[in-house]
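Below is one structure; the comments refer to it alone.
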Amino acid sequence: MGIRNVKTNLSSLTTMNSSPDQLRVLIASSHPLFAQGISSLLEKRPEMDTEVVGMVSTIDEAMDALKNLHPDLVIVDYDDDQVNREEFLARFVEGEGRLRVVLFSLKEGGDEAIVYDRRTMAASQIEDWLDGLSQRTGEPEPLPVEPDETPEQPKRRDSMRHLILAGLLVAVLIVGSYFLLTTIELLPEQASLQAKPIDDLFRLDFIAIAVLFSLIIGLMVYSIVVFRRRKGDETDGPHIEGNSRLEVVWTLVPLLFVLFLAYYGSVALGKTTAADPQPLRMDVIGTQWSWRFEYPAYGIISTEMVMPVNKQALLNLSSTDVIHSFWVPEFRVKQDLLPGEDFERELRVTPIEVGEYKVRCAELCGRNHYDMLAPVKVLSQADFDAWVEAQTGPVSDDPVLRGQAVTQQYGCLACHSTDGSEMAGPTWLGVYGSQEALNDGTSVTVDREYIIKSIREPGIQIVAGFQNIMPAGIGADLTDEQIEDVIAFIESLQ
Amino acid sequence: MRFYKLSLFRGLGFMLVGTFIGVVITILIRLLIGLPAWNAEPILVVGALFGAIAFMFGTRVMDDWFKWARGIDTPEPAEDSEAEGWKRFIHVSFDHKVIGIQYGLTSILILSVAGLFAMIFRTELAQPGLQFLTPDGFNTLISLHGIVNIGGILLGVAAMANYLVPLMIGANDMAFPRLNAFAYWINIPAIVMLLSTILLGGVDAGWTGYPPLSENLAKIGFSMFFLGVYLIGLSSILGGLNLITTIIRMRAPGMSYFRMPIFVWSTLATMIISLTATQLIGLSFQMVLFDRVFGMDFFNPNQGGNVLLFQNLFWFYSHPAVYVFVLPGLGIISELLPVFSRKPLFGYRWVALSSMAIALVGFFVWAHHMFTSGMADFLRVPFTYSTLLVAVPTGIKFFSWTGTIWRGKLSFQTPMLYVLGAISIFLLGGLSGPPNATVATDLHIHDTYFIVGHFHATMFGGYLFPFVAAAYFWFPLITGRMYSERWGKIGFWLMLIGFYFQSLFQMQTGLLGMRRRIADYDPALGVDFQQLVVSIAGFVVGLGLLVFITNILVSAKRGQVAEQNPWRSRSPEWYIPTPVWGHNYEKPFEVVGEPYDYGLEGSDYTSLGGVADTPADSAVPEPAAAD
Amino acid sequence: MTTQVEAHSGYKYKSDSNRLGLWLFIISDAFVFGGLLVSRFYLFAGERPELNQWLGVIVTFVLLTSSFFMYRADTDISYGNVKGFTRNILVTLILGILFLIGVVGLEWPTAPFSAGENAMSSIFFTMTGMHALHVLSGVIFLYIVYRNGKKGLYSKERHFPVEAAAIYWHFVDVVWVFFYPALYLMGNPV
């Protein structure tokens, strides 16, 4: 009777085993027959997957064995006077690891084993429990166990089946998402040498995204479908707390992958910044809200970015006011334009396709940030040379035309219209010679002196109804001749 | 209670008077030191500061502190119980549960305002061409959308932390209840300042407020913007201080650190960031404010200043800040999955420590926001490495969540739907991270809609979906009633589907060349269709949120009375009668087991008992809230 | 075993929590001053403003001395010596005010630049200004503690506000220990 119940209870114990590994059992009794008997019973039940790791007969041996052998289960001879169970339990309670103790009695009436689980009793409760023990006459009360809530032992075969099916789903998702990512148009055409390593890196990223997204979502969808709670099933799932080995794997593998990705990315960065010993130097000046391109080698100032194909351009970027950013999506690379003499920055771009693109300001710079665009023309070397010729030809002798060029190049037309339309600054149509009210209440005639003052000392006399957004440094940028040309141009707008 | 006695109105009244006094004092001082009497910006800045201080006086939230200064001891915070019903929430309370709800409702309110801004500019962006917004107006709307949302998220984080942490650790309130109330109420003048910018010229330099643009524009709105953010930051810092102290000092007996509910761990990690890094946005904004008001030159390159200094200081906070935004939500996911899977949280210790790891690594990545800024070229590479490193603890979370639901017994009430949706959306957001982390690809996608897609996905997945899940989950605890499950599900599907469309199309347009913060886009980019879809999808998401808000507001009054612990959770807050008001735990409880031992028969977490011991429906009537 | 309610409301328990809160506040505040230090070196690595060195030495000496008297006051009250505590905290307070007079009253008006002149002046005035703000709030805190001390509110067993004032005051002092060399000693005068 007692022995039969041992088997029943021991097997129910192993179903409560939280880890899929072997159950390590320590037997504490000073009666060798007790220990041997339990041990051989366990051996006869290989499906219980137990291993008797030690047999001890005193408290001290038991405590040592707890420390050194790490058993999951300790079976203590309840009837053994030499194994002081109260002391053992009291010392046992102080520990921290996962452990269960069974107090098992062979005496008459002892047809139940008491399971004491370290985790479910607090230190204060052990005293009450021990009091209860000493009052009993050998009929230990079991802790409440609700039999119908016993979860089933997840079988190993089932585990594999789930993993395989889920794995198939994940594989399908990977293929599908990678297919999507490579067929949908995701990147503009590659028009620069720098774009190649960047796009390669994007492709690697897309693979990683497809794999990881599919992995998690696949497992999640599988779980949602297969591991639903069945109707009426109020029981809990299996008590799986974790798996240290798995944790280490899914920490190390991602770590190695991100290190690889960072390294690969840094190599790609190196490729995009590779320097040509003889680049074409260009100054790119951003101002609210227009671009100016200067070619120091030729003395050309242009409002269009004209570049010869297959030649690296070394751009010297700077701003006259706030932070702007240079970006041609087809070229991929981007760099901010900073204000200040000591803050010029470089960017290297090698266009590889003849064509027309646009440079688009990529850092919010105020009202017309959205519209701060300039044409980019990549020409064959021959066409580029022809363009240079045309630009460096004799300067027009018409001051109006020269003035118009200045106003285009220095961004005036970004704020002052020539056709009467309302913009950030007053329109120039018909303004020359007229009376204008200023924002300090006085009025002024828009004549030569006023225009010169407005450029040399911007912001002093602002027309009523407008904010002062004149570029602070414009006075230093223009020569007297250029200003005279500008005046001629404005005067011509009647 | 008379309305003018309610803290909110009393405070606003004081704020008006205080602003006026501040203005007058500044004018007098200016005259005394020989400056012209009127200069709108500095005068209004001082006025606003006086107004904010006066507001706090008006709410009387600092009364006890002044008593202590005078030597009068007040051991228990005064609780004014006269305000009843909804009025309770616009009146000062020192009870962390009331404060938590105040944070939550305020958060939802201002997130809705920010969402409204989005709906306005998304209507503009649905088609190319400027239809009805001016470029300045557009720039202001997107900037306010950003900063108001950020404030709203911080409030929502505070809501969850404040309401839940003391309940979860078995405390009856926070360590510093008066500081808690102060930290909530300081947000009100802050919000007033932020919204006042609309009337003061707007703030059109983006929520990031980069100088020189934010210095050069002569719009007073900017100063109100900087001040408002400063005060929200103060709230964050004080809240962090309070929560860290509470978690360290006030846990129930037996609750060792590795026996705390996982949400408490994520809160601890979050608040460490909140306490420290926030000071840097305060400092950077203070410097711009000083440049504007005192004519200083921190960021004027012609006088020795450096615009990159701003970006470094600003991002030193603003990157860790995003972990403040998402770590609590990720904690909510970890908290709820075991309940709805009836299985332990897989690898609890690893999940707990992963939050701390994310917080730590998050301090070392800020320059990835500056790859194109003109920072030292060679420094970009180490920041690539550190940025990608954050993926490792984040990955641990994803794998642990998968491990939790695997082989579980899943049920799919609305909170669980939102949690699963959150995981998938945060995954999308997280996976769009690496292209930003490697410099070469970032050169292409920086300041484009790809980034916009990335951070919206991480915010929705890491904050918004979990917040909604939490609101639904703890709804029966807070109100004693159940929300409508049917409408909960409807709202979920609207938000999920809408948001996927929004994100994916945003990311695509960004890759194709669409910049961010632009009032109009070039038809030559060929993204017209995608932008239209994004706009429509945004409205669908907004509709879903409207369903959520309506659901909780209506159900709070008219929902079915909820049974005790409808989710059969092991967490202690479910073992006291609902709705939970007043004293949390009449008797302190002891922790006797692990928090997530679902499936281990007979195991209890606390001495309050296990799921089988859930007290029967309480007969405690709701306080006057139910009118 | 004490119940949670009793355990969590004793004087010692509350003071321990308050102390933790105070240190957390100080850690947070340290980030502000750290940010300012970083900014100073970011902008002007090898340079410093040309300031009155005598004035700098004197105000530093005054502040360090005030910390000494603060330490005395804290020690006095922890031995129950209310008289000594009152005297020493008054001295601390006065020295703090002298420091403020030295920096805000003397250094600022006689500095070689005005606040809005250039980036270096901006850093100088902001650093010394933020620090002075903390000294001022410390002085106010000290005055409150002084007054309550005179009323007899503090004893050997219960004097946490004094300890708190001391911790705060020493923190403000330590900040100056970093700010003074950063502004007055390190780099070439410009």
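Each reported figure results from applying straightforward, stated rules to the coordinates on display, with no laboratory input. Since the model is a prediction, treat every value here as computed from it, not as a measurement. Virtual Cβ from ideal backbone geometry, glycine too; neighbours counted across all protein chains shown.
Within 10 Å of the Cβ of each residue in B:278-286, the mean number of Cβ atoms contributed by other protein chains is 4.
Report the calculated FRET efficiency for A:Asp383 and A:Lys271 (r = Cβ-Cβ distance, R0 = 22 Å), to the nearest 0.05. After rounding to 0.05, the efficiency reads 0.20.
Measure off 7 Å from each Cα along the Cα-to-Cβ vector at A:Gln494 and C:Lys151, then give the distance between these two points in nanometres to one decimal. For A:Gln494 paired with C:Lys151, the spin-label model returns 8.5 nm. Extension gain, A:Ser434-A:Glu51: 0.36 nm per intervening residue step, less the Cα-Cα distance, totals 127.4 nm. In a reduced charge model with +1 at each Lys and Arg Cβ and -1 at each Asp and Glu Cβ, the protein assembly as shown shows a dipole moment near 1960 debye about its Cα centre. Peptide B:506-518 is shielded by partner chain Cβ atoms: per residue, an average of 5 of them sit within 10 Å of its Cβ. When chain B is described by a simple charge dipole with +1 on each Lys and Arg Cβ and -1 on each Asp and Glu Cβ, the residue from B:Ala376, B:Leu105, B:Phe222 located farthest towards its positive end is B:Leu105. In chain B, helical runs assigned H by DSSP with n ≥ 4 each contribute -39500 (n - 2.57); averaged across all residues and rounded to the nearest 500, the mean residue ellipticity at 222 nm is -21000 deg cm²/dmol. Pairs with C-alpha atoms separated by more than 21 Å, drawn from the list B:Lys97/B:Lys557; B:Lys557/B:Lys587; B:Lys97/B:Lys409; A:Lys231/B:Lys489; B:Lys67/C:Lys14; B:Lys97/B:Lys397, are B:Lys557/B:Lys587; B:Lys97/B:Lys409; B:Lys97/B:Lys397. When you filter the trypsin sites (Lys or Arg not before Pro) in segment B:65-137 for DSSP loop state and at most 16 other Cβ atoms inside 10 Å of their Cβ, you are left with B:Arg70.
Computed from the C-beta positions of A:Ile207 and B:Ala376, the FRET efficiency with R₀ = 30 Å rounds to 0.45. For segment B:422-446 versus segment B:148-225, the inter-centroid distance based on Cα atoms is 27 Å. Would segment A:401-488 count as rounded, prolate or oblate if I go by the C-alpha gyration tensor, calling it rounded below 1.5 in a/c and otherwise prolate when a/b exceeds b/c, oblate otherwise? Rounded, since a/c falls under 1.5. With r defined as the distance between the Cβ atoms of C:Tyr79 and C:Ile27 and R0 fixed at 22 Å, what FRET efficiency is calculated, to the nearest 0.05? My answer for the efficiency is 0.15. For segment C:67-185, the fraction of C-alpha pairs more than 23 angstrom apart is 36%.
Of the chymotrypsin sites (Phe, Trp or Tyr not before Pro) found in segment C:47-115, those in coil by DSSP whose Cβ has at most 12 other Cβ atoms within 10 Å are C:Tyr79.
With charges set only on the Cβ (+1 for Lys and Arg, -1 for Asp and Glu), what does the dipole of chain C come to about its Cα centre, in debye to the nearest 20?
Numbers: 13 positive and 12 negative charges, 148 e Å.
That gives a dipole near 720 debye.
Taking a ≥ b ≥ c as the square roots of the Cα gyration tensor eigenvalues, segment B:1-152 comes out oblate, since a/c reaches at least 1.5 and a/b does not exceed b/c. When the charge dipole of the protein assembly as shown is built from unit charges on Cβ atoms (+1 for Lys and Arg, -1 for Asp and Glu) and taken about the Cα centre, the candidate among C:His131, A:Pro32, B:Tyr210 whose Cα reaches farthest toward its positive end is A:Pro32. Across the options A:Leu338, A:Tyr370, A:Thr287, the greatest Cα extent toward the positive end of the charge dipole of segment A:283-387 (unit charges at beta carbon of Lys, Arg, Asp, Glu) belongs to A:Tyr370. Cα convex hull, the protein assembly as shown: 198 Å³ per residue, rounded to a whole number.
The relative contact order of segment A:399-492, computed from alpha carbon pairs under 8 Å that lie at least 6 residues apart in sequence, is 37 percent. Note on chain C: helix-only mean residue ellipticity at 222 nm, from DSSP H runs of 4+ residues weighted -39500 (n - 2.57) and normalised by residue number, equals -25000 deg cm²/dmol. Here each label is just a point 7 Å from Cα along the line to Cβ, and for B:Phe66 and A:Asp283 those points are 6.2 nm apart. Normalising the Debye intensity of segment B:1-60 to I(0), with uniform scatterers on Cα atoms only, and taking log10 at q = 0.19, 0.25, 0.26 Å⁻¹ returns -0.63, -0.85, -0.89. The slack between A:Tyr298 and A:Arg448, meaning 0.36 nm per residue of separation minus the straight C-alpha distance, is 50.8 nm. Between A:Asp397 and C:Thr110, the simple label model (points 7 Å from Cα in the Cβ direction) yields a spacing of 6.9 nm.
Report the full-extension gain for the segment A:Leu168 to A:Lys67: residue separation times 0.36 nm, less the Cα-Cα distance, to one decimal in nm. Here the answer is 32.0 nm.
Classify segment B:353-415 from the C-alpha gyration tensor, please: rounded if a/c falls under 1.5, else prolate or oblate depending on whether a/b exceeds b/c.
prolate
Across segment A:182-301, the convex hull enclosing all Cα atoms gives 223 Å³ per residue. Straight-line cross-link reach from A:Lys44 at under 28 Å between alpha-carbon atoms covers these lysines, not counting any fewer than eight positions away in the same chain: A:Lys7, A:Lys67, A:Lys107, A:Lys155. Put a plus charge on the Cβ of each Lys and Arg, a minus charge on the Cβ of each Asp and Glu, and nothing anywhere else: the dipole of segment A:280-391 about its Cα centre is then about 280 debye.
With Cα atoms as the point set, chain B shows a radius of gyration and Dmax of 24.4, 80 Å. For segment B:79-177, applying the loop criterion from DSSP together with a ceiling of 15 other beta carbons within 10 Å to the GluC sites (Glu not before Pro) yields B:Glu79, B:Glu82, B:Glu84. Based on a Kirkwood Rh over C-alpha pairs, give the Stokes-Einstein translational diffusion coefficient of segment A:280-391 at 10 °C and viscosity 1.306 mPa s in µm²/s. So the translational diffusion coefficient is about 114 µm²/s. Determine, at each q value in 0.12, 0.17, 0.18 (inverse angstroms), the log₁₀ of I(q)/I(0) that the Debye formula gives when each Cα of segment B:399-532 is one equal point scatterer. With no solvent term, the Cα-only Debye profile gives -0.58, -0.93, -0.99. Out of all DSSP beta bridges in the protein assembly as shown, what portion is antiparallel? Express it as a percent rounded to 5. Among the beta bridges of the protein assembly as shown, antiparallel pairing accounts for roughly 55 percent.
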